[in-house]
């Protein structure tokens, strides 16, 4: 295997770490926007932008994993089928929580209510990311997948 091929293989694990870091940062910025707008009863325009952007980024990340990454992982490592089913269930649960967050933002809920939604998303997201990293990072260091990382992990 050439050095370039090895770099590409290892890059998948780094791509996952990078996108998880960016999503954590996007969540933090969104939570800060809620705190900064706490005096405003209805959600501010900035908060709407942050919440919609965060929801879209996290949803895109999970869709890419479900559609491209996980099929490649299970093809190479069939013994991870149960793990990938569990991760997909997490994606579904997080999607449900994001729908609640979107609905709260769209109806101009108070910052306190939006903050509660974000706390729920944050708890599940962090647990999911840690589990996913424990289960998949070493696998991703050897995964041969010819795809655009922005499609696989979302456009962050």
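The values are calculated or read from the model by the stated rules, or taken from the named source; none is laboratory data. Note that the structure is a prediction, hence the values are computed from the model and not measured. Every residue, glycine as well, gets a Cβ built from its backbone with ideal geometry; the counts of neighbours run over all protein chains shown.
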Quiz item: Is it the case that some residue within the stretch 17-29 is more than 28 Å from residue 112 (Cβ to Cβ), at pLDDT below 85 and surrounded by fewer than 17 Cβ atoms within 10 Å (Cβ to Cβ)?
Solution: no
Quiz item: residue 142 is checked against (1) in contact (Cβ under 8 Å) with a residue 24 or more places away in the chain; (2) in a helix (DSSP H, G or I); (3) exposed (fewer than 14 other Cβ atoms within 10 Å of the Cβ) and fails just one. What number does that condition carry?
Solution: (2)
Quiz item: When the stretch 59-72 is examined, which residues are found to be in contact with a helix residue (DSSP H, G or I) (Cβ under 6 Å, 6 or more places away or on another chain) and buried (at least 18 other Cβ atoms within 10 Å of the Cβ)?
Solution: 61, 62, 64, 69, 70
Quiz item: Applying the selection to the stretch 1-16, what residues are out of contact with any helix residue (DSSP H, G or I) (no Cβ under 9 Å at 6 or more places or on another chain) and either at pLDDT 80 or above or part of a helix (DSSP H, G or I) (or both)?
Solution: 3, 4, 5, 6, 7, 8
Quiz item: Any idea which residue in the stretch 145-156 is surrounded by the most Cβ atoms within 10 Å (Cβ to Cβ), counting only those that are touching a residue at least 60 places away in the same chain (Cβ under 8 Å) and assigned to a loop (DSSP other than H, G, I, E, B)?
Solution: 154
Quiz item: Any idea how many residues of the stretch 30-55 are modelled with pLDDT of 75 or more and assigned to a loop (DSSP other than H, G, I, E, B)?
Solution: 0
Quiz item: What residue, among those in the stretch 63-94 that are free of Cβ contacts under 8 Å to residues at least 40 places away in the same chain and within 10 Å of the chain's Cα centre (by Cα), is farthest from residue 150 (Cα to Cα)?
Solution: 94
Quiz item: Among (1) more than 20 Å from residue 155 (Cβ to Cβ); (2) surrounded by fewer than 17 Cβ atoms within 10 Å (Cβ to Cβ), which single condition is residue 117 missing?
Solution: (2)
